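See below for the structure under consideration.
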């Protein structure tokens, strides 16, 4: 198991995410709040560091060196996830399966430099490399073993 606590650029806690190995990848479960009404990209980033404006998290988790996006014939990155559509008030609970990834082992999130989960200000277009025109990094959480 692993987890991440998401904080926005001002340091305010905006969510939590848990990660568990399964037979077909990593199961991701989370809750976010206070991001405002809209659709936001969420990705796993390659470095376990979250210093605002969160560029310290590096690019998307991409050990297979593919291009970004589910709609990209050369994609997707292993760290690409579906968009989140958040409510104006209250919280959103989500669950995703991240295939081809493990916590420890092949394509591991908990490797030497770790990984982070990042929520972007805008939606992912699922095509444009390297980040789907997802905009600024709005929240970030370092993935740590529990």
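Considering only residues in the range 108-126 that are in contact with a strand residue (DSSP E or B) (Cβ under 9 Å, 6 or more places away or on another chain) and free of Cβ contacts under 8 Å to residues at least 60 places away in the same chain, the one that is nearest to residue 139 (Cα to Cα) turns out to be 126.
For the range 10-26, the tally of residues that are under 27 Å from residue 129 (Cβ atoms), at pLDDT 95 or above and surrounded by fewer than 21 Cβ atoms within 10 Å (Cβ to Cβ) stands at 1.
Scanning the range 97-116 for residues that are part of a loop (DSSP other than H, G, I, E, B), surrounded by fewer than 16 Cβ atoms within 10 Å (Cβ to Cβ) and under 14 Å from the mean Cα position of the chain (by Cα) gives a single hit, 99.
In the range 54-65, what count of residues is obtained for those that are free of Cβ contacts under 8 Å to residues at least 12 places away in the same chain and in a loop (DSSP other than H, G, I, E, B)? Show your work before the answer.
Taking the range 54-65 as the starting set, the residues that turn out to be free of Cβ contacts under 8 Å to residues at least 12 places away in the same chain are 56, 65.
Right, trim to in a loop (DSSP other than H, G, I, E, B) and you get 65.
Total meeting the criteria: 1.
Working only within the range 66-96, note down all residues that are over 22 Å from residue 129 (Cα atoms) and either in contact with a helix residue (DSSP H, G or I) (Cβ under 8 Å, 6 or more places away or on another chain) or outside any loop (DSSP other than H, G, I, E, B) (or both).
Hits for the range 66-96 are 86, 91, 92, 93, 94, 95.
So is residue 43 assigned to a strand (DSSP E or B), in contact with a strand residue (DSSP E or B) (Cβ under 8 Å, 6 or more places away or on another chain) and surrounded by fewer than 22 Cβ atoms within 10 Å (Cβ to Cβ) or not? Here the answer is no, as residue 43 does not meet what is asked. In the range 127-146, of all residues being over 23 Å from residue 12 (Cβ atoms) and in contact (Cβ under 8 Å) with a residue 12 or more places away in the chain, the one that is surrounded by the most Cβ atoms within 10 Å (Cβ to Cβ) corresponds to 132. Taking the conditions exactly as written (within 16 Å of residue 140 (Cα to Cα) and surrounded by fewer than 17 Cβ atoms within 10 Å (Cβ to Cβ)), does residue 59 satisfy them or not? So residue 59 fits the description; yes.
The values are calculated or read from the model by the stated rules, or taken from the named source; none is laboratory data. A quick note: this is a predicted structure, and the numbers were derived from the prediction, not measured. All Cβ positions, even for glycine, are placed from backbone atoms using ideal geometry, and neighbour counts span all protein chains on display.
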